[in-house]
Amino acid sequence: MPGKIKKRIYRTATPEEKAQHSQVRQQIDAELPELRQRAREKLAAIVHLGVELPHIIDLLKAERIKQGLTLAQLKEATGIEGANLVRLENHEDANPTINTLTRYADAVGKKVLVVLADAED
């Protein structure tokens, strides 16, 4: 039934549950520095190697969808025509400008960073 509000029932954790929660917190505290370091290393590798344009567009689209933004809302936020946004997201516009990518990224709360790297053999 839509609109029906249910009441949550809270209970006090048992001593065993409290001990288990404490153990999990300690495990997280112990693993967190290593996880953060691995994330920093992964980010550094990505920044060093760069990411190809179609992947950047896919990441921007995924962020738009994650935030629940429609193309109409994105059009309003960026000033980019809806048809151009559709072509961009479908990789039909193979050569968007940095300005276009930056406007899209700003609208979803992201930044575009450009990396110049040697071409691979």
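The values are calculated or read from the model by the stated rules, or taken from the named source; none is laboratory data. Just so you know, these numbers come straight off a predicted model, no measurement behind them. Counting neighbours? That spans all protein chains shown, and the Cβs are built from the backbone with ideal geometry, glycine included.
General remarks:
- Looking across the range 32-65 at every residue that is part of a helix (DSSP H, G or I) and β-branched (Val, Ile, Thr), the one that is modelled with the highest pLDDT is identified as Ile65.
- For Tyr10, the conditions (1) surrounded by fewer than 13 Cβ atoms within 10 Å (Cβ to Cβ); (2) touching a helix residue (DSSP H, G or I) at 6+ places or on another chain (Cβ under 7 Å); (3) among the aromatic types (Phe, Trp, Tyr) are fulfilled apart from (2).
- Looking across the range 66-103, the residues that are part of a helix (DSSP H, G or I) and touching a residue at least 24 places away in the same chain (Cβ under 8 Å) come down to Leu74, Ala77, Thr78, Leu88, Glu89, Leu101, Arg103.
- Qualifying residue in the range 15-27 (condition: surrounded by 10 or more Cβ atoms within 10 Å (Cβ to Cβ) and in a loop (DSSP other than H, G, I, E, B)): no
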